[in-house]
Amino acid sequence: MPGFGAGFEFQIVAMRGQADTYFSLITAPFFALVFMSIMEYSGRTDLNSHAVIAPMLITMWTAALSFSGEMISEDRENGRLESLIAAPMSFAMLLFGRLCACMLLALPSFLMSYLAAGSVFGYWLSFEQPLLFASALVLTAAATAATATALSAVFVIAPGARSVQNTLSFPVYLLGGVLVPVSQYPGWLEGLTRIVYLSWGADLLRAATTPGAELENTICYLVMLGLLGATAFALGRLFISRFLQRARALGALAKE
Amino acid sequence: MGIHALRVMTAVRQGFIVARTDFAWFYTWKTWLGGWLVRVLCQVAFYSIIGVTVGDPDYVVHVVLGAALMICVAESLMTVASTTWDLNLGTFPLLAASPVVPGGYYFGRSMMWPLSATATTSIAIFTMSLFFDLHWTAADVPLVVVLVLLTSFATYCMALVIGAVALLAPGARNVMSAVVTMAITAFCGAVVPVDFWPSGVGWAAQAVPVTHGLNAIRHLESGADLGVVARSAGLVALVGVVWLTVAMIAFRGLFNHSRRGSASLS
């Protein structure tokens, strides 16, 4: 995977000084408090694990939106894009590597959510199926990074799409069932949500941390999550290839 | 009308011209309706579905109204970012050098947010009323809009104070507004009653306009006496005026600081 490692390493260094990093992270403990307070107040403590998992998924998607929005534009403005395109590596893999590094933010956000629920409400999440949790987390993070790769290409092909970048948060939280499982939605809506990778990832992560929770076919969930992530990455590669072709034809790699 | 009042009004009008222009740059009708409004409705639906999953019908009404009013908080708090835009564009030193009334200018400068928030929040409340068990009489409809307008503007006054702080640390503007929005969502009665939290949190929540705005709109929906609704609305206005006064003092201080040649605001 030429380019992936370079992108991953670059982004880890770059993220330290970026406001987007802290913006993506800071809301996690607050979301945990909001969701936990709902569960405790309504007496649905059986759903506490949902309240701890959801902020991590929200952080992943927030980071995907925040970082994908300007990734290619910044390379252009800083004069890096031509060198990166000329380098013997896949530009799409470089972007994917950078966005995978952004997904590392899921770990501190999960820790903050876990600690907020434990220290304020005395609820300490248990890992019923640690292997399933780890594999679901890695696959969900990779699918998010793949989707963000596609988005970053869309944002640079159609600058107008940037204006709706901030509006993609709650629609995806809702359709991805980050807190309430989509199986509890009306039938027609559940069908729609199943094309959103998060709906599979969220179900898996909840099943791995909720005592007594079992998914009918765990492998099917993992495969669907992987397939949707791979599809998003394929689309991302296609969009990036089209953008590069157009930019080369117009001599506009450095600017619009 | 005194000369100072006239200067303040002129500054508000000048700020509003910038607000209108910025809003037109930020949104077209298509992106506002098809993007922002859809996002807002999804946010309210997101919390409402949680309410349906965990609670009884009364709790669902509580959460739907709470989530809807959080829209006007989130949108009004976009003021924190827009207050720093003059600094980022490099026009802040020009403003400081001009004879503009600082508080007046900034009161007009981000006014697009509370106005847009009033529209989005009102639409969210009435749209969600179609799907959940919320009851309004015909006479309630204009009152709901007025209460939302009042809450949006009072929250806007609070956001101006945070915006003044953000002028000193513009890189943290989005983090500041995100933290305040989430803290208000958690502690000011949006999803659980204020008294769910320790009493100190409840006291602090009294300084936040939307705490009283939520009370007012929930009283109205439950068919309470209009006097009770008016009392909560009065508290919204009172808290808003206090925040506005603090904002005026803060902006005057910042401009005086800049006019003395401080490099921190250039």
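The values are calculated or read from the model by the stated rules, or taken from the named source; none is laboratory data. No experiment lies behind these values; they were computed from the predicted model shown. Counting neighbours? That spans all protein chains shown, and the Cβs are built from the backbone with ideal geometry, glycine included. Protein only, heavy atoms only, side chains kept; ligands, DNA and RNA dropped before computing areas. Shrake-Rupley method; radii C 1.70, N 1.55, O 1.52, S 1.80 Å.
Annotations
- Looking at region A:70-163, the chymotrypsin sites (Phe, Trp or Tyr not before Pro) that sit in a DSSP loop and have at most 16 other Cβ atoms within 10 Å of their own Cβ are A:Trp124, A:Phe127.
- Over the Cα atoms of region A:12-56, the radius of gyration divided by the Kirkwood radius equals 1.19; this is the Rg/Rh ratio.
- Sequence of B:Thr127, B:Thr118 from largest to smallest accessible area, 1.4 Å probe: B:Thr127, B:Thr118
- 10 Å Cβ neighbours from other chains, averaged over peptide B:192-199: 2
- Other protein chain Cβ atoms within 10 Å, averaged over every residue that makes up B:25-38: 3
- Spin-label model distance (nm) - B:Asp225 vs A:Ala230, 7 Å beyond Cα toward Cβ: 6.9 nm
- Euclidean distance between Cα centres, region B:117-180 to region B:41-85, Å: 9 Å
- Normalised by residue number, the volume inside the convex hull of the Cα atoms of chain A is 128 Å³ per residue.
- Euclidean distance of C-alpha centroids, region A:20-50 and region A:179-193, integer Å: 21 Å
- The ratio of the alpha-carbon radius of gyration of region A:194-256 to the globular-protein estimate 2.2 N^0.38 Å is 1.76.
- For the protein assembly as shown, a Kirkwood hydrodynamic radius built from all Cα pairs, placed in the Stokes-Einstein relation at 4 °C and 1.567 mPa s, yields a translational diffusion coefficient of 53 µm²/s.
- Estimated translational diffusion coefficient (Stokes-Einstein, Kirkwood radius over Cα pairs, 37 °C, 0.692 mPa s) of region B:3-261: 174 µm² per second.
- Once the Cα atoms are used to define both axes, helix B:38-54 deviates from the longest principal axis of chain B by about 40 degrees.
- Crossing angle, helix B:3-26 versus chain B [Cα axis fit, 0-90 degrees, rounded to tens]: 70 degrees
- Centroid-to-centroid, using Cα positions, region A:60-138 and region B:216-266 are 38 Å apart.
- Only helices reaching 18 angstrom along their own axis (Cα) with mean Kyte-Doolittle hydropathy no lower than 0.0 count here, and for the DSSP H runs of chain A these are A:19-42, A:48-77, A:106-121, A:130-157, A:197-209, A:218-250.
- Helix axis angle, B:79-89 relative to chain B longest principal axis, alpha carbon, degrees: 30 degrees
- Of the listed residues B:Val141, B:Val192, the order by accessible area with a 1.4 Å probe, largest first, is B:Val141, B:Val192.
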